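> Sending over a structure as structure tokens; questions will come in a sec.
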Amino acid sequence: MKIDSITLENFRNVEKASIEFTDGVNLLYGKNAQGKTNALEAIYYLAGLKSFRCPKYREMISYDAPEAKIEGVISQNGRQVVLSALLPKNGKRNVLKNGVKLQKLSEYMGIFRAVLFCPEHLELIKGGPAERRSFIDGAICQLKPAYASLLNEFNRIYGQRQALFRSMKDKSISEELLEIWDESYASLSIKISKTRKTYVENISGLASEFYRGITKDHEELSLSYKCDVDPFSEKAKEEFLKLLKQNRELEKRNLFCPKGAHKDDLICKINSKNSRFYASQGQQRSCVLSLKLAEGEYSKKLSGQSPVFLLDDVLSELDSERREYILSNVQSGQVIITSCDPDGFESVENIRKILVKKGSYII
């Protein structure tokens, strides 16, 4: 799988530009604030329909433009697919495959797969559980498009359930009515936790292997998934419903459900210590790189094709040995890298260097 080209219109500082990529390593280089990361953001948006820099797509539209457009030509198994995203300042976005508008998110997800690593991803380790859940969910959505619909349904039920508590805060709520909502909520929460836990178990060995490679076997990384009940238990739903009832009064007071998939967490341990609290910045970076390499390797294992790796200014702070290790493990597929300095990539064969200057991309 690879991206042959991408065309941007009114996307951040890019008025209009097209970039063609080679099958191997592509280096976007230039001074800061010229548009290097903007290109990676657009490519990643085609994979997951969300930005890694802002929560709302309208923030990606050029200031004085009515809409932005991203269009990418994707090659997969010898066939080309054109993916487009039309992002208006007013109204809803439209996503298209070969010019045909897609109605459901599940119809789009999985067509193009990309693995991103940017400096902000250090939050995966030192940040809160939401950052780690987002990492897992994003990876699963690219592998199992139906999972996106499951997440949307969970969020809908969760929101409606909370609205019920808010609307009846000063009144008594029918226990029978609550139990109806609890049933749906419990089923969805357990399905999500089960899917996430399965994913973590599948990448755990891969991440540990990559971490040993990065640290020259000096340290060990282990992953586990923490949730309220064991989602594989035959009595998972029964136990979950029991927890909801036990926390009913707390939920009524706080108007926030303390149990569910929205509270799960990925636990990363380095030498048996929780990396969120004890890892150095270097260890955090190595841990995230290992997770991202594992994400890519597992994606390749399931589909038979390497995803596109997007590395946003993350190699410059690594020593030469770790940089070589990372590059050697992503070059089985297409790689797109950003860096201020084009030097330091002399050992990379068949590299395409693209100068980025004021929203223009010059080969």
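The values are calculated or read from the model by the stated rules, or taken from the named source; none is laboratory data. What you see is a predicted model, and the numbers here were worked out from it, not measured in a lab. Positions of Cβ are generated from backbone atoms using ideal geometry, with glycine treated the same way; all protein chains shown enter the neighbour counts. Ligands, DNA and RNA are excluded from the accessible area calculation, which covers all protein heavy atoms including side chains. Shrake-Rupley method; radii C 1.70, N 1.55, O 1.52, S 1.80 Å.
> Whole-Hz ³J(HN,Hα) for each residue in the range 100-105, computed from phi via Karplus 6.51 cos²θ - 1.76 cosθ + 1.60 with θ = phi - 60°, x for glycine and proline: what do you get?
Those phi angles translate into 9, 5, 9, 8, 10, 4 Hz.
> Still on this structure: Calculate one ³J(HN,Hα) per residue across the range 51-60 by plugging θ = phi - 60° into the Karplus curve 6.51 cos²θ - 1.76 cosθ + 1.60, and present them in order as whole Hz with x for glycine and proline.
So the Karplus estimates, Gly and Pro as x, are 8, 8, 10, 8, x, 10, 5, 5, 6, 8 Hz.
> Taking springs between alpha-carbon atoms closer than 10 angstrom, which of Glu220, Glu295, Glu183 fluctuates most in the Gaussian network model of the chain?
Judging by the Gaussian network model, the answer is Glu183.
> Full-extension gain between Glu238 and Asn254, please, as 0.36 nm times their residue separation minus the C-alpha to C-alpha distance.
On the way: separation 16, 0.36 × 16 = 5.76 nm, distance 2.38 nm.
Computed gain between Glu238 and Asn254 is 3.4 nm.
> When the convex hull of the C-alpha atoms of the range 273-328 is computed, what volume per residue in Å³ does it have? Could you put the intermediate results ahead of the total?
On the way: hull volume 5.5 nm³, N = 56.
Cα convex hull per residue, to the nearest whole number: 97 Å³.
> Rounded to the nearest 0.05, what FRET efficiency do Lys226 and Lys92 have when you use their Cβ-Cβ distance and R0 = 41 Å?
Working: r = 36 Å, r/R0 = 0.88.
Approximately 0.70, to the nearest 0.05.
> At R0 = 30 Å, how high is the FRET efficiency between Glu219 and Thr198 if r is their beta carbon distance? Nearest 0.05 is fine.
Details: r = 26 Å, r/R0 = 0.87.
My answer for the efficiency is 0.70.
> Next question. Kindly report, to the nearest 10 Å², the accessible surface of Asp217 as traced by a 1.4 Å probe over protein heavy atoms only.
It works out to around 110 Å².
> Next question, about the same structure. Using alpha carbons only, what's the Rg to Rh ratio of the range 1-97 with Rh from Kirkwood?
On the way: Rg = 13.2 Å, Rh = 13.8 Å.
That ratio is 0.95, to two decimals.
> Long-range amide H contacts for Ser5: which residues qualify at under 5 Å (H placed 1.01 Å from N, peptide plane, sequence gap of 5 or more or a different chain)?
The list, which skips near neighbours in sequence, is Phe21, Val73.
> Subtract the Cα-Cα distance of Gln246 and Phe277 from 0.36 nm times their separation in residues, and report this length gain in nm to one decimal.
Between Gln246 and Phe277, full extension yields 8.1 nm more.
> Quick one: dipole size for the chain, taken about the Cα centre, charges +1 on Lys/Arg Cβ and -1 on Asp/Glu Cβ, in debye to the nearest 20. Each step should come with its number before you reach the end.
Working: 56 positive and 48 negative charges, 205 e Å.
Charge dipole of the chain: 980 debye, to the nearest 20.
> Suppose accessible area is computed on protein heavy atoms with a 1.4 Å probe; arrange Leu250, Leu302 from highest to lowest. Let's see the in-between values first.
Values: Leu250 65, Leu302 100 Å².
The residues order as Leu302, Leu250, largest area first.
> Equivalent-ellipsoid semi-axes (√(5λ), Cα gyration tensor) for the range 225-310, whole Å, largest first? Write down the numbers at each step before the final one.
Working: eigenvalues 225, 76, 31 Å².
One finds semi-axes of 34, 20, 12 Å for the range 225-310.
> Here is a further query. Any idea what the dipole of the range 1-95 comes to, in debye rounded to 20, about its Cα centre with Lys/Arg Cβ at +1 and Asp/Glu Cβ at -1? If you can, show how the numbers build up before the last one.
Values: 14 positive and 10 negative charges, 76 e Å.
Taking the Cα centre of the range 1-95 as origin, the dipole is about 360 debye.
> Volume per residue, Å³, of the convex hull around the alpha-carbon atoms of the range 54-112? Present the calculation step by step, with values, prior to reporting the outcome.
Details: hull volume 5.8 nm³, N = 59.
Per-residue hull volume (Cα only) is 98 Å³.
> Of all DSSP beta bridges in the chain, what percent run antiparallel (nearest 5)?
Working: 41 of 59 bridges.
Rounded to the nearest five, the antiparallel share is 70 percent.
> D for the range 214-363, whole µm²/s, Stokes-Einstein with Kirkwood Rh over alpha-carbon pairs at 37 °C and 0.692 mPa s: what number? Don't jump to the answer; show the numbers that get you there.
Values: Rh = 19.3 Å.
For these conditions, the coefficient is 170 µm²/s.
> Using only the alpha carbons, work out the radius of gyration and Dmax of the chain in angstrom.
For the chain, the Cα radius of gyration and maximum Cα-Cα distance read 22.0, 70 Å.
> Also, quick follow-up: Which value, in Å² and to the nearest 10, is the accessible area of Glu71 when all protein chains are kept and the probe is 1.4 Å?
The accessible area comes out at roughly 60 Å².
> Would you please give the residues with an amide H less than 5 Å from that of Gln76, counting only those at least 5 places away or on a separate chain, with H modeled from the backbone geometry?
Long-range HN contacts for Gln76: Val81.
> Now for a different question. What is the set of long-range amide H partners of Leu27 at a cut-off below 5 Å, with H atoms built 1.01 Å from backbone N?
For Leu27, the qualifying residues are Ile337, Arg352, Lys353, Ile354.
> From the C-alpha gyration tensor of the range 143-240, pull out the three semi-axes of the equivalent ellipsoid (sqrt of 5λ each), sorted largest to smallest, in whole Å.
Taking √(5λ) for each eigenvalue gives 37, 14, 13 Å, largest first.
> Once Lys and Arg get +1 and Asp and Glu get -1 on their Cβ, which of Tyr44, Val100, Pro66 lies farthest toward the positive end of the dipole of the range 25-157?
In the range 25-157, that residue is Val100.
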